[in-house]
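**Student:** Would you mind keeping the following structure in view while I ask a few things?
Since every read-out is calculated from the coordinates, none of them should be taken as a lab result. Model, not experiment: these values are computed from the prediction. Neighbour counts are summed over all protein chains in view; Cβ atoms, including those assigned to glycine, are modelled from backbone coordinates with ideal geometry.
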Amino acid sequence: MNLFLLLQQYNSVWDMVLQFKPLPLAVLGILLMFSVTSWAIIFSKWMALRRARASNARFLRAFRKSNGLEAVAVVAEQFRPCPLATVFDFGYEEVTRQIKVRGTVANMVALERTLQLGISEELAKLERSMNWLATTATVTPFIGLFGTVWGIIASFQGLGQAGSASLRAVAPGISEALVATAMGLAAAIPAAIFYNHYGYVIREIGARMEDFVLEFLNVSERSFEE
């Protein structure tokens, strides 16, 4: 019985949408575009961050068990895509450059700066498309509210032209207008939740990369510094 009522309600809402005028229909179309794009980003970002965490853990185990930077460099390609492996590549290239020029790693400040550049590049990759989730969470409730206000204005204009003051006369128009608010919230709430969650995960990965820089510098000092 409940399923039947739910299907009945769905059909009535769909019937309302089919009867929308161009402007409310355009508002719903914009909100639907925001929602679909956000969900695509949510799923793709979930998989990307999951892979990054897993590959970071595997690479860090290999790095700590290795006998030196050269051994890690040989197997680094096996851990792609891996943020820590990219940071390692930045650092290892700087180490190789200094050894070719001076025969040793003499400038630890330059090495640390290079590692920080690797972190910045990886964080930029991880944060890609996050601004869309933030925009969706912020903007779509107002777009939905705009559609609702416009629909209520149209309903009261129709009420004034009809000369009827009954609730039955204005209720259909208001219910149609509220669909825009519901759609706006449906787009904004998941975007806000996953934006905050993914932001925490990215900060966590960033902290792991900062810790890795310290480990890399320690290994470099032990292996090459005179």
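**Student:** Once phi is turned into θ = phi - 60°, what whole-Hz ³J(HN,Hα) does the Karplus curve with 6.51, -1.76 and 1.60 give for every residue of the stretch 102-114, x standing for Gly and Pro?
**Tutor:** Karplus-based 3J(HN,Hα) across the stretch 102-114 equals 10, x, 7, 8, 9, 10, 6, 5, 4, 5, 5, 4, 5 Hz.
**Student:** Could I ask something else about it? Roughly how big is the stretch 24-224's charge dipole about its Cα centre, with Cβ charges of +1 (Lys, Arg) and -1 (Asp, Glu), in debye to the nearest 20? Each step should come with its number before you reach the end.
**Tutor:** Numbers: 19 positive and 15 negative charges, 81 e Å.
Taking the Cα centre of the stretch 24-224 as origin, the dipole is about 380 debye.
**Student:** From the square roots a ≥ b ≥ c of the eigenvalues of the alpha-carbon gyration tensor of the stretch 24-224, which class results: rounded (a/c under 1.5), prolate (a/b over b/c), or oblate?
**Tutor:** Details: a/c = 5.43, a/b = 4.12, b/c = 1.32.
Because a/c hits 1.5 or more and a/b exceeds b/c, the stretch 24-224 counts as prolate.
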